[in-house]
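No value in this document is a laboratory result; all are computed from the given coordinates. Since the model is a prediction, treat every value here as computed from it, not as a measurement. Every residue, glycine among them, receives a Cβ derived from its backbone with ideal geometry; neighbour counts consider all protein chains shown.
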Amino acid sequence: MPLAFGTSQGPYVRRGRHSSAWKNVVLSRDQQFALKRAALLRQAARAFSAHGYHDTSLDDVAKTLGVTKAALYYYVKNKQEILFECHMQAQDLGETALQHSEQNGRSGRDKILLLATKYIELITSEMGSFAVLGEFDALDAENRTIIARRRDKFDRHFRKLVSDGIADGSIRAVDPKLTVFFFMGAINWMTRWFRPDGPLPGTDIARHFADLLDKAISASPAEPAAKAARSRASARA
């Protein structure tokens, strides 16, 4: 029972369902399924963001897509599955940004700025998953535990980058926990005002946010030199 609405390509694939490889640029049945399901999830998440999870029904989502509610059940079991999968995709994007920063950054500061830039670029380009970040409490207990575990993992990794930057002298002596709260608080607030068709694209917003974060955490030019002098003095002692 295929859906009769357009799709856009993206990284999302239904969990537990495997898609075959591209073959002569013709989409397989599973690939078509994944792309249509991703479109459904994005549209539903935008509706959750605009009207709230509890005030948005599957009927509302179906009407927006121009399909029947019965057609939606070919792609999702219920509304909770939509919310959970959007949260999972948002966490996938965070892990992608962390991997990018580790592979391309040198100092702690470099890695944090790469992480911040990449993460904002990704979540603003995948507005559907990003839009539900403020709906964490609407997850049921089991799903909330899964998402909380992944969020904690991201948080610990981010804090480690801050600590590494302090150790290598590229970041001033800030509190790692509060630094992560500072950045993620700004990200969560973006769900209230960012629009894909707004005056600034996600890439520009990412650049501005990274610059603000840089100014907030970077060590002054004198700090690395002072730290090196202390290290030399300690070695001579």
*For a quick protection proxy, order the peptides 192-205, 63-76, 33-46 by their average other-Cβ count within 10 Å, most packed first.*
33-46, 63-76, 192-205
*Could you size up the charge dipole of the range 79-226 around its Cα centre, putting +1 on the beta carbon of Lys and Arg and -1 on that of Asp and Glu, and report it in debye to the nearest 20?*
360 debye
*Which of the residue pairs K36/K111; K69/K153; K153/K215; K79/K160; K79/K153 have a Cα-Cα distance greater than 29 Å in the structure shown?*
K36/K111; K69/K153; K79/K160
*Quick one: E102, E135, E121, fewest Cβ neighbours within 10 Å first, how do they rank?*
E102, E135, E121
*asked:* Can you give me the Rg/Rh ratio for the range 79-226, using Cα atoms for both radii and the Kirkwood formula for Rh?
replied: 0.99
*Subtracting the Cα-Cα distance from 0.36 nm times the residue separation, let me have the gained length for R29 to L58 in nm, one decimal.*
8.0 nm
